[in-house]
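The values are calculated or read from the model by the stated rules, or taken from the named source; none is laboratory data. The structure displayed is predicted, hence computed values, not measured ones. Every residue, glycine among them, receives a Cβ derived from its backbone with ideal geometry; neighbour counts consider all protein chains shown. Areas reflect the complete protein model, heavy atoms only, side chains present, ligands, DNA and RNA absent. Shrake-Rupley method; radii C 1.70, N 1.55, O 1.52, S 1.80 Å.
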Amino acid sequence: MLAHSEEECSLDFDAIEGRLGLSRRDFLKFCTGLASTMGLPAGADAAIAKAVESARRPSVIWLHFQECTGCTESLLRANHPTLERLILDIISLDYHETLFAAAGHQAEAARRQAMADNKGKYLLVVEGAIPTKDKGIYCRIGGQTAVDLLKECATDAAAVVAIGSCASWGGVPSTKPNPTGSEGAGEVLGAKVVNLPGCPPNPYNLISTVVHYLTFNKLPELDAKGRPKFAYGRLIHENCERRAHFDAGRFAGEFGDEGHRQGWCLYKLGCKGPETHANCPAVLFGDVSNASWPVGTGHPCIGCTEKGIVFTKPIHALAELKTVTPPIFFARPAEERGTGVTFAAAAALAAIAGAAAGGTAMLARNLGKSVPEAKADVAAPDEQRGG
Amino acid sequence: MGMDRRNFLKAASGGTLAASCVPSVQARETRTMPEGAVGLLYDGTLCIGCRACMAACKAENDLPPEFNEIEGSAYWDAPLDLSGRTINIIKAYVGGDSDRKDTLDGYAFTKLSCFHCVDASCVSCCPVAAMTKDPVTGIVSHSKEACIGCRYCVAACPFGVPRFTYDETFPHIAKCQLCRHRMAQGKFAACAEVCPTGATIYGPVKELKKEIARRRALAPGTETEFPRGHIGSGDTHIAPIANYVDHVWGEKEIGGTQVLHLSAVPFDRLDKKPLPDVAPANVSESLQGRIYHGMIAPLAFLGALVFAAKRSAKALGEQGEAGGTDAGDDRKGE
Amino acid sequence: MAGSDAHPAPAPMGGRLITPWTVFLGLLALIAVFFIGKRLIFGIGAVSNINDGYPWGIWMVFDLVIGAALSCGGLAMALMVYIFNKGQYHSLVRPALLASAFGYTLAATSLFFDLGRYWNFWHVFWPRYAQANSVIFELAVCMTAYILVMWIEFTPTVMDKLGMQGLRRKFEKWLYVFIGLGVLLPVMHQSSLGSMLVIFGPQINPLWQTPLLPLLFLISCLAMGYSMVIFEASVTSVGFRRPLERKILGSIGLVLKWFLIAWLIARFADLVWRGALDPAFVPGARSLMFWIENILVAIPLFLLWTPAWRGSPQKLFLAAVAMALQGIIYRINCYYTAYDTGDGWNYFPSLPEVMVSLGFIAMEILAFVIVVRLLPVLPAPEPSPNSAPAS
């Protein structure tokens, strides 16, 4: 707490306000929001604020290959008033084909200049898939094939971030029959890159990744597919606001039916939430309103972040349920049930058995003693000892 | 005490016992499926383990949630087995990794609820006719009002379906009755109604068997339409055919059942051990029928016994003073 | 033939009712009453370990199935004396009948408290509910009728005590019917205790599951009945310091021997006929229990083989104990060892469950002791002295 307030006090809020057009309050809210998006501990928001405020902006080179520019669009069209301003202020966007004022050789020269100036320090953001068939001739920029350009830029980059499903794993261009042999950046480079899949991806996840890098000088923790765990660690299904309807078996049967209007689960309409990893239900999408993400608006998730789901499975096809696997709280076909032997019961039974055995032995002995009496009894009744 | 009486007795008692041992002299007829029998088809390969059927079942049958001690499941309905509070359960076979469904080294789902046997042991063994089989729909239902709580059905059911609430002061048996109370409202089994993948569907057993034959005839991997809800509901979805094992659980088991299961994992891994084709209820009733048929043998035996008792009593009486028969009558003997 | 044998008339034992032993038995009975009260208030699960895998605990299997078989002394003696006209055993009938009556009554009482919905028990006897295909229906009706018959058979003893000779003579004209019923009914329900398992079908291991179960249970219960007559006579002899009817018991030993032979023939002929003997040679708990069961038949058979050995009270007594134990183990095997209720199920009686069963045995012994002291049950020693309690 102390460190927190110290750092907070040391921030020059006036400078921030002047630079970003943000009030102190909004700026801190933004930093706290980022920290919680990434699941960082208390105090990290202050560190983020410090890092952002210090304006040590990393150089970013943004490459476009086979894509629709939807990733950039989603970033720019974010309705949140200052999101794009923040992004563009936090980073030094030294090369971006869509946003660049420069063109042609001038632009390529700027890229080379930035790469040379920030060797080993700049971030490389890749948008779009990379065609590999026929020596990559299907995508050329400034005379270079996409493969060559990517490799050239990646060589001296501090980190490579693949934004969108195309750059992450091929996306639309790689859909069967994949005429251009499209692949994701990670596949082409043969190295681990940060994948931020999604069609389009959530801009919050890009800014969180960048700010994480800025604050801690390292990339956030990644999963086996190179995706930041803070954003792709959970299934849509796990945080879905309609989950309770799923668990209760309340499914919308078709668009506009009673269940659909009641906001029931969209699983039967083909929702891919149960097999799609993304944080959409938690951070929402598109900044429209407080229910603004596909499922919130009544459309089933199409699994846009997952290879093998979006562009592969029909939108109406039923999803596999990944939450339950391996099913931890499912009963096994034969569970251990019932109460076995307890000490008290076993001891009681042993005591009874012992008493019975002892009694039997004693009786048998006493019977032996009474033999003469019994013999006598046949002829004449014996005398009662107790008489 | 002549030899003829003794022989007669031997013949009488021996005959009764022999009648009980001669196999299939007058075995009861084999029960057949009612014409209008309805049931469920559970295709484990379509099941996603959402347990909507369990939730709907509890809601429709007014059953309380059941908690267990497994971590993370202490706060919601997470039964480990059928019980007096759970009459339908989805269980999971886990043989390996989570990314391989319906293989022995992966995982698979199975359902346990009443199979509504054609020749149900519970119906045969219930001493007070609390378990009854509907002659039209074939639904095996239970009457709490009639039940004495002897739990013979719990012990006798080869599927382990009827359960008992041991922890209640006024306990009762619980089992699936195929939502017969909903049929009056024109509805069908709740578990089938809510199933989003058509893993559980409801319908006439004849139609269910046709659907099973259709699925088994298709090559694994073939994309086909699967009905949801009930047969002929019109609500379908397309999915590939799984690699079914060559066994339809319930087709022949103990004389056939009205709930049928398909699976891609051998049934014995799903705690569905091999069962004979002959209904134990048939064996038991045939045996009892032979011994007690029309009460002829017992009454003949009784006649012989009374006759013998009278003769013996006379013999005893000769030593005593009167024709007393009881143990105490010859206190003055000798 | 019977007339040549002298045997004393029955007379009350007399003596003190309150002794350390009866107080101890009374305490055990009180503990059982406490747990039954708990069961009535909080449900069966509060005192018993029974569950859906083992819905029948020891209250059913020990108190009813085994308890009724151990109470077959009355049937065994009635069969011998009244049906096969062996009057020389007459003096053993009354005590055997009394022990049986108490055994059955308490078995039925125990079963009543084991019923989950005991307030509905009358449904079994009500035509609207009764379901005649059920073995339990047959069992319930037969056992209830037999208990009534036994107490009716016992009334002459009470009439003797009260000196109601006139009423007794009238009553005796009808006694033949009750004697006939007193043999028929236990034959029916003792075999039914075996038939009860037939519907369990494949859940009972083939070593035990057979259509011959009713016959096996019948032979077994008669063998247990004769064993219990020897056992009770021996215990009464030692406990009350009375002479032992050695010659008579020796003859019963011979009968027992033939029942054991019949049992072994029926048991193994059935197993060989069905080709079901294989599981007996698969190492495991089931085969072990199977062989223990059979060794316990071999022991009494050996002990009873020669007339000289049958004349030895110890050998007779031990043979009777072994045979009773065999009957118990056979029934435990049928109902538990052979029962495959599905993977994962566990059952072991809880302490309260054991205490209730023990309490019922205590009640039975206590009631027997009180009755023989007050009513003419046991043959009086001659000349009849004031017999004093042994304990």
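Here are a few things to note about the model shown:
- Drop in accessible area of at least 30 Å² in the complex versus isolated chain, residues of the stretch C:129-146, 1.4 Å probe: C:Y129, C:Q131, C:N133, C:S134, C:V135, C:I136
- Distance in nm between pseudo-label sites at B:T222 and C:A269 (7 Å out along the Cβ direction from Cα): 5.7 nm
- Multiplying the residue separation of B:T30 and B:A213 by 0.36 nm and removing their Cα-Cα distance gives an extension gain of 63.4 nm.
- Size of the A/B contact, given as accessible area buried on both chains, probe 1.4 Å, in Å²: 2400 Å²
- The stretch B:38-277, accessible surface, carbon-and-sulfur percent (1.4 angstrom probe): 54 percent
- Qualifying GluC sites (Glu not before Pro) in the stretch B:46-111, DSSP loop, other Cβ atoms within 10 Å at most 16: B:E69, B:E71
- The stretch C:59-103 and the stretch C:232-295: distance between their alpha carbon centers, rounded to Å: 17 Å
- Under Stokes-Einstein, with the Kirkwood radius over Cα pairs as Rh, the value for the stretch A:57-232 at 20 °C and 1.002 mPa s is 134 µm²/s.
- By the Stokes-Einstein formula, at 1.567 mPa s and 4 °C, the stretch C:65-177 with its Kirkwood radius over alpha-carbon pairs has D equal to 82 µm²/s.
- With a simple spin-label model that places each label point 7 Å from the Cα along the Cα-to-Cβ direction, the separation between A:M362 and B:I238 comes to 8.5 nm.
- Based on every Cα atom in the stretch A:173-315, Rg and the maximum pairwise Cα distance Dmax equal 16.6, 51 Å.
- Where the protein assembly as shown is the region considered: accessible area per residue in Å², 1.4 Å probe: 40 Å²
- Size descriptor, Kirkwood hydrodynamic radius, that averages inverse alpha-carbon separations across the stretch A:234-329, Å: 13.3 Å
- Tilt relative to chain C, helix C:93-114 - C-alpha long axis, 0 to 90 degrees, to 10: 40 degrees
- Share antiparallel - DSSP beta bridges, chain B, percent rounded to 5: 80 percent
- Sparse-neighbourhood loop sites, trypsin sites (Lys or Arg not before Pro) in the stretch C:81-153 - DSSP loop, at most 15 other Cβ within 10 angstrom: C:R128
- Counting, for every residue in B:274-282, the Cβ atoms of other protein chains within 10 Å of its Cβ and taking the mean gives 3.
- Square roots of five times the Cα gyration tensor eigenvalues for the protein assembly as shown, Å: 84, 30, 24
- Helices meeting the span-like rule in chain B (full DSSP H runs, Cα extent of at least 30 Å along the helix axis, mean Kyte-Doolittle score of -0.5 or higher): B:296-319.
- Dipole moment magnitude, nearest 20 debye, chain C about Cα centre, only Lys, Arg, Asp, Glu C-beta charged: 960 debye
- Radius, Kirkwood style, for chain C when every pair of distinct Cα atoms is counted (Å): 22.0 Å
- Percent carbon-and-sulfur accessible area, the stretch A:234-329, ignoring ligands, DNA and RNA, probe 1.4 Å: 56 percent
- What the Cβ-Cβ distance of C:V177 and C:W126 gives, at R0 = 30 Å and to the nearest 0.05, is a FRET efficiency of 0.75.
- Loop-resident trypsin sites (Lys or Arg not before Pro) (DSSP state other than H, G, I, E or B) in the stretch A:95-170 with no more than 14 further Cβ atoms inside 10 Å of their Cβ: A:K119, A:K121.
- Exceeding the 21 Å Cα-Cα cut-off - candidates A:K119/A:K218; A:K313/B:K111; B:K111/B:K252; B:K91/B:K175; B:K314/C:K173: A:K313/B:K111
- More than 17 Å apart - percent of Cα-Cα pairs taken over the stretch C:71-120: 45 percent
- Computed from point charges on the beta carbon alone (+1 for Lys and Arg, -1 for Asp and Glu), the dipole magnitude for the protein assembly as shown about its Cα centre is near 3300 Debye.
- Percentage, to the nearest whole number, of Cα pairs in chain B over 31 Å apart: 46 percent
- The dipole here belongs to the stretch B:38-277: it is taken about the Cα centre, uses +1 on the Cβ of Lys and Arg and -1 on the Cβ of Asp and Glu, and is about 580 debye.
- Distance from the alpha carbon centroid of the stretch B:141-195 to that of the stretch C:313-380 works out to 35 angstrom.
- Over 28 Å (Cα to Cα) - which of C:K86/C:K257; B:K58/C:K38; B:K144/B:K206 fall in this group: B:K58/C:K38; B:K144/B:K206
- Cβ-derived FRET efficiency at R0 35 Å, A:D134 paired with A:A103, nearest 0.05: 0.80
- The DSSP beta bridges internal to the protein assembly as shown are antiparallel in roughly 55% of cases.
- Take the convex hull of the alpha carbons in the stretch C:1-115; its mean projected area over all directions comes to 9.8 nm².
- If R0 is taken as 56 Å, the Cβ-Cβ distance between B:E145 and A:E221 corresponds to a FRET efficiency of 0.35.
- Spin-label pair A:E335/B:E251, simplified geometry with 7 Å Cα→Cβ offset, distance in nm: 3.2 nm
- Here chain C exposes an accessible surface that is 75 percent carbon and sulfur, computed with a 1.4 Å probe and the other protein chains kept in place.
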